[in-house]
Amino acid sequence: MKTLFVSALLLACLVPAAVAFGQHEGNPIDELPSYIRKINDWGQRADFSHNGRRILFIEKTYGDAFQLDLASGRVTPVTHHYYHGGYTRALYLANGDILLSGCTDFDAGDPHVNRYDKAELWILDKSLTKPPVRLGMHCFEGPAVSRKNPRIAWTTEHRQYPKTYAKGELRVHVADIVYEDGTPKLANQRLVLSNIDNDFFEKPMSIETQNFVAPDETHITMSVYGAGTVALVNLKTGKVTRVSAIAGHHNEPEGIYPDGKHTLVESSRQFLGKNLRGAVQYIDIWKLSLDGQERWERITHFTDYEGYKSSNPVVSDDGRYIAFQMARHGDPAGVGRGLFLLDIKAMEAARKAGAK
């Protein structure tokens, strides 16, 4: 998600008049369906461990990373054992190590350069006994991490490399992670595409890597902001394929099913036909087929309650659970106010029985 923090705060004042949204009084927490439960009162940007037993998450933007044990509910710190400037992402690698995006320092007077300009990629050893290793690459917003192989894809942009990138340029890269004497580094790094010389783009647009697509992981999902587009990227050729586009709406793939046939999407499509101003403030979670047939299924209904939204979903490796976060209307993109767990089988059973 690319809405700037300052812009988001301005939108908080502008959007309420754009659409009458919120069919129910109160808040969604008090009326959760039987298949959703709250698992933490705070936190954002969840990621499942490969065995599905833990949730890795960021406490807040530019904060520490934590792990939550789903069986006990116990929350433990991941990045307390060394000094740092705060993180915006924490994701499990295929071997259990943790990929971090963050900085070495923090300026409270100008905090958001740490998200958009200065963020770097790091690998934290799963033993949690030493500081992370710097990979020597900036990262614009979220990287894509393979759940099966030691491979990542990520986006960089002009503000991070102003001497070598054209104004407005963003690039997608892919690389393997290798270990030499126990120290991780990037190998086989290559450029996948640039938004200024790819036939898909009529003009430079903001993009973000999202998820590797199983089973062969030759493609990733990608967001194209400003166009409301969910896209697939061929990592070998750089070809971009449009999966869905909803003009005037926020439509961002976040979290993918382990069979690679569907992705979850943060979308405002429940307000199709409405003239939204700041569509990112009106998002819930939807399921979208990746076969080009645009089969949609709404997963969450938090925007049925005025002042609320849900976002940043991920799917467990066994395809059984979805973890996601709640946010309030006007919160900057990516900000979370608590974590939730959705049981997919229980949802399907409830809906078959006629529940929402």
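The values are calculated or read from the model by the stated rules, or taken from the named source; none is laboratory data. Predicted model only: the values in this text are computed from it and were never measured. Positions of Cβ are backbone-derived with ideal geometry, glycine not excepted, and every protein chain shown enters the neighbour counts.
Here are the numbers:
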item	result
Output for the stretch 260-289, where each listed residue is in contact (Cβ under 8 Å) with a residue 60 or more places away in the chain and part of a loop (DSSP other than H, G, I, E, B)	Lys274, Asn275, Leu276, Arg277, Gly278
Strands (runs of 3 or more DSSP E) wholly inside the stretch 293-343 containing at least 1 residues that are free of Cβ contacts under 8 Å to residues at least 40 places away in the same chain	296-298, 308-315, 321-328
Complete set of residues in the stretch 23-48 that are surrounded by fewer than 17 Cβ atoms within 10 Å (Cβ to Cβ) and either in contact with a Gly (Cβ under 9 Å, 6 or more places away or on another chain) or among the charged types (D, E, K, R) (or both)	Glu25, Asn27, Ile29, Asp30, Glu31, Arg37, Lys38, Asp41, Trp42
Selection count where residues are farther than 28 Å from Pro150 by Cα and outside any loop (DSSP other than H, G, I, E, B), scope the stretch 230-247	2
Residue in the stretch 164-176 that is under 27 Å from His262 (Cβ atoms), touching a His at 6+ places or on another chain (Cβ under 6 Å) and in contact (Cβ under 8 Å) with a residue 12 or more places away in the chain present	no
Checking Leu193 against (1) at pLDDT 95 or above; (2) within 26 Å of Asp47 (Cα to Cα); (3) touching a Lys or Arg at 6+ places or on another chain (Cβ under 9 Å), the condition it does not meet	(2)
Conditions (1) out of contact with any Asp or Glu (no Cβ under 6 Å at 6 or more places or on another chain); (2) in a strand (DSSP E or B); (3) over 30 Å from Asp97 (Cα atoms); (4) of a type in the set (S, T, N, Q); number of the one not met by Asn198	(2)
